[in-house]
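Working notes, structure below.
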């Protein structure tokens, strides 16, 4: 039986619900091995990290084929709307990319998103024809505004970028899930495979993971663990969990007990 449960972003189907970042690895070779082991079909790429000048230096494209894996240019490290817009316009000129990930950070310590600049950027980019996947905080009201502005995916943080704290506010994630039909993808803060499973069990459509894989003691093994956990969490969500109760319930019937 073929798997028909796909992640759909801007009408494009993906079998994998795990998106992998390409930063923080020891080298491109390790990154490529992790992407392969993870089964991811989308990778995020910070535009300024793509070498286009020195032809002697290796390119990410030498290790991860953009014809087989979807590249998702992002605005990592941008702190203003102007910087983010310039970065994504450059990405479109370089590679023709229209499906992009937007993040506009608010300060260098917490790396929380500046939602005013993020919303402004989303409005501009959608008018210019970009398909914008938006990194945001876990505020349901702001998530709805991003949806109304034309975003194609809402990507709330689980915790600060790279913190590994896991999902800190499950209630807000559930609220966002209940109010949007857009793909909901947890972005930032996951630390271990159980965090990925939890995100999927909350009804998220996918997760984006970078640091938890790249900085694990065994990145390749962690990439596989994340792959399996995303699948397990998704199956658990689709299966439907039992109702919770404060009291015990028998696993076997009283009928026939001696």
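The values are calculated or read from the model by the stated rules, or taken from the named source; none is laboratory data. None of these values were measured; they are calculated from a predicted model. As a convention, Cβ positions derive from the backbone with ideal geometry for all residues, glycine included, and neighbour counts pool all protein chains shown.
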Discussion item. For region 70-148, give me every one of the strands (runs of 3 or more DSSP E) that falls completely inside it and has 2 or more residues that are at pLDDT 95 or above and over 22 Å from residue 7 (Cβ atoms).
Written reply: none
Worksheet item: Assuming residue 194 fulfils every condition listed in (1) surrounded by fewer than 22 Cβ atoms within 10 Å (Cβ to Cβ); (2) in contact with a helix residue (DSSP H, G or I) (Cβ under 6 Å, 6 or more places away or on another chain); (3) in a helix (DSSP H, G or I) apart from one, which condition is it?
Response: (2)
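Give the number of residues within region 120-145 that are more than 16 Å from the chain's Cα centre (by Cα), within 20 Å of residue 72 (Cα to Cα) and buried (at least 20 other Cβ atoms within 10 Å of the Cβ).
From region 120-145, those more than 16 Å from the chain's Cα centre (by Cα) are 120-130, 139-142, 144-145; that's our starting set.
From what's left, within 20 Å of residue 72 (Cα to Cα): 121-130.
Next, only the ones that are buried (at least 20 other Cβ atoms within 10 Å of the Cβ) stay: 121-122, 125, 130.
The qualifying residues number 4.
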Worksheet item: Are any of the residues in region 42-58 in a loop (DSSP other than H, G, I, E, B), under 23 Å from residue 207 (Cβ atoms), in contact with a helix residue (DSSP H, G or I) (Cβ under 7 Å, 6 or more places away or on another chain) and modelled with pLDDT under 90?
Response: no
Item to complete: Would you mind finding the one in 99, 88, 105 that is out of contact with any helix residue (DSSP H, G or I) (no Cβ under 7 Å at 6 or more places or on another chain), buried (at least 18 other Cβ atoms within 10 Å of the Cβ) and under 16 Å from residue 128 (Cβ atoms)?
Response: 99
Response to the item:
residue 177 fails exactly one of (1) buried (at least 22 other Cβ atoms within 10 Å of the Cβ); (2) closer than 18 Å to residue 133 by Cα, namely (1)
Worksheet item: Can you tell me how many residues in region 206-258 are in a helix (DSSP H, G or I) and exposed (fewer than 14 other Cβ atoms within 10 Å of the Cβ)?
Response: 4
Worksheet item: Could you count how many residues in region 180-190 are out of contact with any strand residue (DSSP E or B) (no Cβ under 6 Å at 6 or more places or on another chain), within 20 Å of residue 40 (Cα to Cα) and surrounded by fewer than 21 Cβ atoms within 10 Å (Cβ to Cβ)?
Response: 0
Discussion item. Could you check region 1-35 and list, in sequence order, the residues that are in contact (Cβ under 8 Å) with a residue 60 or more places away in the chain and part of a helix (DSSP H, G or I)?
Written reply: 30, 31, 33, 34, 35
Discussion item. Give me the residue from region 149-163 that is in contact with a helix residue (DSSP H, G or I) (Cβ under 6 Å, 6 or more places away or on another chain) and assigned to a loop (DSSP other than H, G, I, E, B) and, out of that set, farthest from residue 207 (Cα to Cα).
Written reply: 149
Discussion item. With the structure loaded, tell me whether residue 17 is modelled with pLDDT of 85 or more, within 15 Å of residue 227 (Cβ to Cβ) and out of contact with any strand residue (DSSP E or B) (no Cβ under 9 Å at 6 or more places or on another chain) or whether it fails that test.
Written reply: no
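If I filter region 174-189 down to residues being within 13 Å of residue 207 (Cβ to Cβ) and not in a loop (DSSP other than H, G, I, E, B), which single residue comes out as farthest from the chain's Cα centre (by Cα)?
184
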